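Beneath this line is the structure, given in structure tokens, with notes to follow.
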Amino acid sequence: MGQSYNVAVIGAGTAGLVTARELQREGHRVTVFEKANQVGGTWLYDSLVESDLLGLDPNREIVHSSLYKSLRTNLPRQVMSFLDYPFVKRESGDTRPFPGHEEVLRFLQDFARDFGLMELIRFGHEVIRVELVDEVSHDWVVESRTRETESRWESKEEVFEAVVICNGKNTEPKVAEFPGRDTWPGLQMHSHNYRTPEQFENKIVVLIGNGPSATDILREISPLAKQVHLAFRGSDIKLINLKNYDNAWPHSPIECAHEDGKVVFQDGSIVEADVIIHCTGYKFHLPFLKSNGIVTVDDNRVGPLYKHIFPPSLAPWLSFVGLNYRALVFRVIELQAIWVAKVLSGKVKLPTQEAMAASVEEFYEQMEKAGWPKYHTHSLQNDEGEYASWLAAQSDIRPPKSWEEITFFSFVKGIFGHGENFRDTWDVDKWIQEIESSD
Ligand code: FAD
């Protein structure tokens, strides 16, 4: 057994649950703070939407999950499995290779129960402050609040030796900017607040974006809507074939919007629309972290972080699990959680603070040279395989050889190759079996 610390984990979504399990396995004492009353995070569907549908009002009551009711995974269950806990098909469940969101939630609930994590979680506890109060003893104050009545909150401060932040990255909307946005008279919302298609019946809708949310929503609303206009950067959309929709058209990004309801696109086309839905992704949001400016969020870069996890000058006492995207998220989260737990217990050593800081700087320079924008810092789309192998090696894990071939990028290629109904037309089980059998 290595060192054992008193560790706070913020969030009981996928990252928080896996982190809690790994910390516990390493003999740490773990308290998980979760503002909801259940585990699951993103996968806990909530029919409620926020009062400000664009998510611009900082005082709005936040709804955490961004799922729409009909959502099915865009990755198959095999890659949403954990190393020793596969996401298996249950006879009574949703056995499709790309299951509905309820099935993922059940998987995470089973995971929490089977690893005895429920006892570690303080439900209904929202963390409102994480602050280092003693650098020598690395004491962190975690202040959390619980709702006593509709308008009264009770708050409490506790001290921990280490904190792992797992608060998710798909809640705070990133919204498209264009002149006239704030005075345009129609309804605007972010896909974070989209649940079902009924309200778009007979409406002229502009969707901004061409990622999975935009294309899923287009597919769902076009049978009801009068017209759907998809505004996006670039020249092609690979996730949907608009020729299959007689009331949907592609456009370049929005140039501006007018008070008479007109939306003007950069290609010169104009529509008089009723609704604009921003399917434009999310921002990292760490309102509770008071780090004296050591860790900042700048143009969606959380940093400086060594390997997306440890701020060099606060390591290993502060860490982040689950910041990465455009990756097989469950797999990456598990490897990160294992590493964090082992670093804390002292079984795995970190480089010196200076070496970690230099590594972060080098990474930023590489990004700049490659012309990769800052806001893509935590996207792993170019180096997921290398990153996962590096993390696995740190913790002495030998992943199956198939991991080299089964990456987020290979799924994107498969999805593009199978068209918009890939969830039902792609025999992904066979594809995975073939790769695994050649291991
Ligand atoms: P979350 O699941 O967001 O969990 C964060 C938790 O922290 C929440 O429970 C929240 O309540 C809690 N929390 C936040 N702030 C506080 C606070 N201050 N105090 C206390 N608790 C707090 N991934 C896939 O692998 N496959 C898919 O098919 C897929 N589809 C997706 C579809 C959509 C529409 C979206 C938005 C995401 C999808 N993802 C998918 C990515 C998804 O984000 C991850 O699967 C995973 O849920 C991330 O887990 P997490 O724990 O990092 O964050």
For residue 83, distant residues with modelled amide H under 5 Å away: none
Residues meeting the amide H criterion for residue 248 (H placed from the backbone, H to H distance under 5 Å, 5 or more places apart or on another chain) are 228
Solvent exposure, largest accessible area first (probe 1.4 Å, DNA, RNA and ligands not counted), of 45, 282: 45, 282
With every protein chain in place, the chain: carbon and sulfur % of accessible area (1.4 Å): 48 percent
Taking a ≥ b ≥ c as the square roots of the Cα gyration tensor eigenvalues, with a/c under 1.5 meaning rounded and otherwise prolate when a/b beats b/c or oblate if not, segment 187-278 comes out rounded
Kindly write out, for segment 295-303 in residue order, the coupling ³J(HN,Hα) from the Karplus curve 6.51 cos²θ - 1.76 cosθ + 1.60 (θ = phi - 60°), rounded to whole Hz, with x marking Gly and Pro. 10, 10, 10, 10, 6, 6, 9, 8, x
Over the chain, with neighbouring protein chains present, the accessible area per residue in Å² at probe 1.4 Å is 46 Å²
Specify which residue in the list 310, 118, 98 is farthest towards the positive end of the charge dipole of the chain, using unit charges on the beta carbon of Lys, Arg (+1) and Asp, Glu (-1), about the Cα centre. 98
Working with all protein chains in place, sort 145, 233, 181 by solvent-accessible area computed with a 1.4 Å probe, largest first. 233, 145, 181
Determine the principal axes of the Cα atoms in the chain, then give the extent along each, sorted from largest to smallest and rounded to whole angstroms. 64, 56, 50
Considering the dipole of segment 187-278 built from charges on the beta carbon (Lys and Arg +1, Asp and Glu -1) around the Cα centre, which of 227, 250, 266 is farthest to its positive end? 250
Is there a quick way to get the dipole size of the chain? I mean about its Cα centre, with the Cβ of Lys and Arg at +1 and of Asp and Glu at -1; what is the value in debye to the nearest 20? 560 debye
A correct Karplus calculation of ³J(HN,Hα) over segment 81-87, with 6.51 cos²θ - 1.76 cosθ + 1.60, θ = phi - 60°, whole Hz and x for Gly and Pro, returns 8, 10, 3, 10, 8, x, 7
Which whole-number percent gives the relative contact order of the chain, counting Cα pairs below 8 Å spaced six or more residues apart? 17 percent
Please turn the phi angles of segment 154-159 into ³J(HN,Hα) values with the Karplus equation 6.51 cos²θ - 1.76 cosθ + 1.60 (θ = phi - 60°), one per residue in order, whole Hz, x for glycine and proline. 10, 10, 8, 10, 9, 10
What is the packing order of peptides 17-23, 55-61, 223-229, taking the mean over residues of other C-beta atoms within 10 Å and listing the highest first? 17-23, 223-229, 55-61
Area accessible to solvent at residue 270, 1.4 Å probe radius, in Å²: 100 Å²
Which net charge results for the neighbourhood of residue 412, defined as the other residues with beta-carbon distances under 13 angstrom from its beta-carbon, given Lys and Arg at +1 and Asp and Glu at -1? +2
Computed accessible area, residue 258, all protein chains, 1.4 angstrom probe, square angstrom: 80 Å²
Using DSSP, restrict attention to beta bridges with both residues in the chain and report what percent are antiparallel, rounded to the nearest 5. 45 percent
Between residue 307 and residue 249, what is the label-point separation in nm under the 7 Å Cα-to-beta-carbon projection? 5.2 nm
Using the Cα centre as the reference, give the magnitude of the dipole from point charges on the C-beta atoms of segment 135-242 (Lys, Arg: +1; Asp, Glu: -1; all else neutral), rounded to the nearest 20 debye. 820 debye
Quick query: amide H of residue 64 versus all other amide H atoms, modeled in the peptide plane; which residues come in under 5 Å with a sequence gap of 5 or more or a different chain? none
Run the 1.4 Å probe and let me know the accessible area of residue 236, rounded to the nearest 10 Å². 80 Å²
Just to make sure I understand: if all protein chains stay in place, what is the order of 219, 96, 195 by accessible area at 1.4 Å, largest first? 96, 219, 195
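The values are calculated or read from the model by the stated rules, or taken from the named source; none is laboratory data. Remember, predicted model here, so these are calculated numbers, not experimental data. With ideal geometry, Cβ positions are generated from the backbone for all residues, glycine too; neighbour counts draw on all protein chains shown. In case anyone asks, the SASA skips ligands and DNA or RNA and just uses the protein heavy atoms, side chains included. Shrake-Rupley method; radii C 1.70, N 1.55, O 1.52, S 1.80 Å.
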